[in-house]
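Novice: Just passing along the structure, written as structure tokens.
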Amino acid sequence: MPASPTACPAPVPAATTAPLPPADDHEITHWLAAWRAGDPDAMEQLMPLLHDRLRDLAGRHLRREHDGHTLSPTALVHEAWLRLVDQRVAAFEDRTHFLSLASRVMRRVLVDHARRTHAHKRTTPLAWPTDLAAASPETWALTVIAVDDALQRLAAIEARLARVVECRFFAGLTEEETGRVLGVTARTVHRDWLRARGWLEMALRE
């Protein structure tokens, strides 16, 4: 098992750095607060405000999956939304915080799907999910599981590094947005991102 992360060796796929498209953050924040407070109408108001961004997020996750995945972006949004309904107590401060959690939920949906589909298969996963075209569906599914297992191990060592990976790589948040979610500076996010990538590279080669 790799030691605690200290530096970044070999490169891994870079996160998307383009800023998220603008949205009516004030209205979204209002309805998120209403949701936490137990307003039964809040979810109905939130869905049209967030649907396009959730579909974009689902598409981002599915583009990293193997071709022919049985879940569509719409189905992934639907499944994630059902799970998010149970997260009312979470401290959603704004759109960025909500989308960060939505990304975590979508990743969990995909990992659970991979575990169910390939529970009895014994295919060797890829060292890192880079060559999608060459990977069979079984190999790619096991790679998804391997990445999730490695990320959980990283979280047990340094939880913030794992959260940085979730925000930067999976949710596609910028360093500034990730910093707001985690309550640290963009400079700290950049440093953590390099350390986390290096640790995951080593973990997935084991």
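Novice: In the stretch 106-159, what count of residues is obtained for those that are basic (Lys, Arg) and modelled with pLDDT under 85?
Specialist: The total comes to 4.
Novice: Out of Asp67, Asp24, Asp86, Asp52, I need the residue that is closer than 15 Å to Ala102 by Cβ and modelled with pLDDT under 75. Which one?
Specialist: Result of the check over Asp67, Asp24, Asp86, Asp52: Asp86.
Novice: Tell me the residue from Leu99, Leu46, Leu32 that is surrounded by 15 or more Cβ atoms within 10 Å (Cβ to Cβ), modelled with pLDDT of 85 or more, of a type in the set (A, V, I, L, M, F, W, C) and closer than 30 Å to Asp149 by Cα, please. Even if it seems obvious, please write down each step before you answer.
Specialist: On the way: Leu46 fails: closer than 30 Å to Asp149 by Cα; Leu32 fails: closer than 30 Å to Asp149 by Cα.
Selected residue: Leu99, the only one of Leu99, Leu46, Leu32 that is surrounded by 15 or more Cβ atoms within 10 Å (Cβ to Cβ), modelled with pLDDT of 85 or more, of a type in the set (A, V, I, L, M, F, W, C) and closer than 30 Å to Asp149 by Cα.
The values are calculated or read from the model by the stated rules, or taken from the named source; none is laboratory data. In this text the structure is predicted, and so the values were computed from the model without any measurement. Cβ coordinates were reconstructed from backbone atoms using ideal geometry, including for glycine residues, and neighbour counts include every protein chain displayed.
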